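Okay, structure first, notes after.
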Amino acid sequence: MAMVASRAGVSGQTVSRVVNDSPRVDPATRARVEQAMSELGYRPHRAARALRTGRSQTIGLVVTTLATVGNSRMLQATAEAAAERGYALMVATAADGVASAFERLAEQEVDGAIVLNEASAQVSADERPAGLRLVIVDAQTDAGFTAVHSDHHGGAAAATAHLLELGHGSVHHLAGPADSYAAAERERGWRETLSAAGIDAPEIVRGDWTADAGFAAGAALAAASAVFCGNDQMALGLLRALAESGRRVPEDVSVIGFDDVPDAANYRPPLTTIRQDFTALAQRTVGALVAEIEGENAEGEDAGGAAASVVPTRLVERASTASR
């Protein structure tokens, strides 16, 4: 750092501020320091920084599976959001429960952890490791931790209202797993929207987020005129089941999904869906965790018990829904 400071004609403290991305450096000086760093081949030493600051600049991600589209997209978005803030990401699967995942992360001395989706339901205040900052994605707001989630309820309500506005007398629901917070919130949005319209909710059909589950649900939804699917993967399977049974989408039945996966626009027909902004969700989640790690919350304390941070969703209309 002394060599960089000498080359750039600045103090060692200024170099330190540039390395730590402090806003207290004017752009011209920052550019001069970064040029000197490049010319000298300087790279911050993570281990040395950890000794100096007491932080490893690493955060953990606890997840039950990466096989689902939502979890894999959140992994990518979280890794990018962490890197933007100068943090490395370490993944720990919770196949044997979150407690063992926390132990593995603690051994690596991570500064904090994000618990994702299905794993969030396994976290309790009693299992929280001492001193480990946690932010959970998709969990009850009274869980005692900082929480972030997409507006599953609002998205489901928008999907259901859209189908009712198209003239459908009712809307069936192909829901996600019963133990999923996201699935429960989407089901709640569907039920409350039907109830507000004076419509009794049809019997629910439940799947496991996979396209195979959507295909298997085809028989149970054979008579439906409108179906709100808990995610796009199940909608994909349902579209195939409907096609094989001779029912046309959207002429005979309207189908709407949730997530807006990259392939949704190329389904046959292109899928109307609710867009979940995984990039914004990851940015909000990593930002909340880094704020706790670096003491940006009031008095440096946890925001446990506070209302969850909610990331908006929005309806994306395509060709799988039509008026009646």
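Which listed residue (Pro312, Gly189, Val98) has the Cα farthest towards the positive end of the charge dipole for the chain, taking +1 on Lys and Arg C-beta and -1 on Asp and Glu C-beta about the Cα centre? It is Pro312, whose Cα lies furthest towards the positive end. Of Pro23, Pro270, Pro202, the residue with the greatest mean-square motion in the GNM of the chain, using alpha carbon springs below 10 Å, is Pro23.
Dipole size of the stretch 2-44 about its Cα centre, with +1 on Lys/Arg Cβ and -1 on Asp/Glu Cβ: approximately 60 debye, rounded to the nearest 20. For the stretch 164-206, the set of GluC sites (Glu not before Pro) satisfying both a DSSP loop assignment and a count of at most 16 other C-beta atoms within 10 Å is given as Glu203. Of the trypsin sites (Lys or Arg not before Pro) found in the stretch 151-250, the ones in coil according to DSSP and having at most 11 other Cβ atoms within 10 Å of their Cβ are Arg248. Using the Cβ-Cβ distance between Leu315 and Ser100 with R0 = 30 Å, the FRET efficiency computed as 1/(1 + (r/R0)^6) comes to roughly 0.15. Basic side chains Lys and Arg get +1 at the Cβ, acidic Asp and Glu get -1 at the Cβ, and with that the dipole of the stretch 152-277 about its Cα centre reaches some 220 debye. The stretch 5-32 and the stretch 185-236 have Cα centres lying 56 Å from one another.
In a DSSP loop and with at most 11 other Cβ atoms within 10 Å, the trypsin sites (Lys or Arg not before Pro) in the stretch 1-39 are Arg24.
Put simply, the C-alpha atoms of the stretch 152-277 give a gyration tensor, and the ellipsoid matching it has half-axes of 19, 16, 14 Å, longest first. Remark: the stretch 2-44 is approximated by an ellipsoid whose semi-axes, taken from the C-alpha gyration tensor as √(5λ), come to 14, 10, 10 Å, largest first. About its Cα centre, the dipole of the chain is roughly 1060 debye, where the only charges are +1 on Lys and Arg Cβ and -1 on Asp and Glu Cβ. For the chain, the C-alpha radius of gyration divided by 2.2 N^0.38 Å, with N the number of residues, is 1.20.
Only the coordinates and a few stated rules stand behind these numbers; no lab work does. For clarity, every value in this text was computed on a predicted model and none was experimentally measured. We place every Cβ from the backbone using ideal geometry, glycine too, and count neighbours over all the protein chains shown.
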